[in-house]
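Since the structure comes first, as structure tokens, the remarks are kept for the end.
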Amino acid sequence: MYLIPPMADDPPPEFVGTVAAHEQELRHDALRLAGGDPVGHEIYQEALVDLAGHWRRLYWWGRLTHSDAPGLYLRKRLSRRTHAWREEQIYQVEVRVLRPPESAFVQVGGPAASLALRKAAVLDGTTRAGLRTLADATVAWVHAWRRSEHRRIARLVIGGLLLVATMVQSMAWLAGPPA
């Protein structure tokens, strides 16, 4: 029925893996490119939505060429989204990096550290690091899915209108006076 099958509701594991592989680097780049502004997270999320929208094509192109096509596309979209954000700014963005006070640094495993803090430096983390990645990937996938559904509905409406207009024109042409 479909020439191109619609997007699945849930992100594929390959997409989540790609997001996990590039997450730290791209979050850092988004914040750096946005000048430390918290909008860097929004720019990062929009770049993920762009990647999700083109996922099938990029995934298969990457497999065909044995390259990181999704990663390259993600970096390019991040750069373009940041450039568009900068163009929208009505004021000069000035960034000053301030060092935190010396008391903010905790010496892990030092004599002032508790037993639990010294053990935490040795033990594996108990937090689920993949949960944030999965959440970002799922949110981006759902946004891209909604965009694809809106485009599909728009194509159906425009196609229906063109079909009706063609039928009206052909009926008017057929019903015209004989020559």
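The values are calculated or read from the model by the stated rules, or taken from the named source; none is laboratory data. Computed from a prediction, not measured in an experiment: that's the story for all the values here. Every residue, glycine as well, gets a Cβ built from its backbone with ideal geometry; the counts of neighbours run over all protein chains shown. Just so you know, the surface numbers come from the protein's heavy atoms only, side chains and all, with ligands and any DNA or RNA stripped out. Shrake-Rupley method; radii C 1.70, N 1.55, O 1.52, S 1.80 Å.
Please work out if Thr18 is at pLDDT 85 or above and over 21 Å from His143 (Cα atoms). No; evaluated as a whole, the condition is false for this residue.
Can you name the residue in segment 14-46 that is in contact (Cβ under 8 Å) with a residue 12 or more places away in the chain and among the acidic types (Asp, Glu) and is also surrounded by the fewest Cβ atoms within 10 Å (Cβ to Cβ) among such residues? That would be Glu14.
A quick yes/no check of all residues on (1) at pLDDT 75 or above; (2) under 29 Å from His41 (Cα atoms); (3) of a type in the set (A, V, I, L, M, F, W, C); (4) part of a helix (DSSP H, G or I):
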{"residue": "Gly109", "(1), (2), (3), (4)": "no, no, no, no"}
{"residue": "Ala113", "(1), (2), (3), (4)": "no, no, yes, no"}
{"residue": "Lys119", "(1), (2), (3), (4)": "no, no, no, yes"}
{"residue": "Gly130", "(1), (2), (3), (4)": "yes, yes, no, yes"}
{"residue": "Asp136", "(1), (2), (3), (4)": "yes, yes, no, yes"}
{"residue": "His143", "(1), (2), (3), (4)": "yes, yes, no, yes"}
{"residue": "Ile158", "(1), (2), (3), (4)": "yes, no, yes, yes"}
{"residue": "Leu163", "(1), (2), (3), (4)": "yes, no, yes, yes"}
{"residue": "Ser170", "(1), (2), (3), (4)": "yes, no, no, yes"}
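For segment 47-61, the tally of residues that are farther than 11 Å from Ser148 by Cβ and open to solvent by 30 Å² or more (accessible area, probe 1.4 Å) stands at 4.
Of all residues in segment 21-39, those that are assigned to a helix (DSSP H, G or I) and modelled with pLDDT under 75 total 1. Does Val49 satisfy the condition of being in a helix (DSSP H, G or I), touching a residue at least 60 places away in the same chain (Cβ under 8 Å) and closer than 19 Å to Leu131 by Cβ? It is false that Val49 is in a helix (DSSP H, G or I), touching a residue at least 60 places away in the same chain (Cβ under 8 Å) and closer than 19 Å to Leu131 by Cβ.
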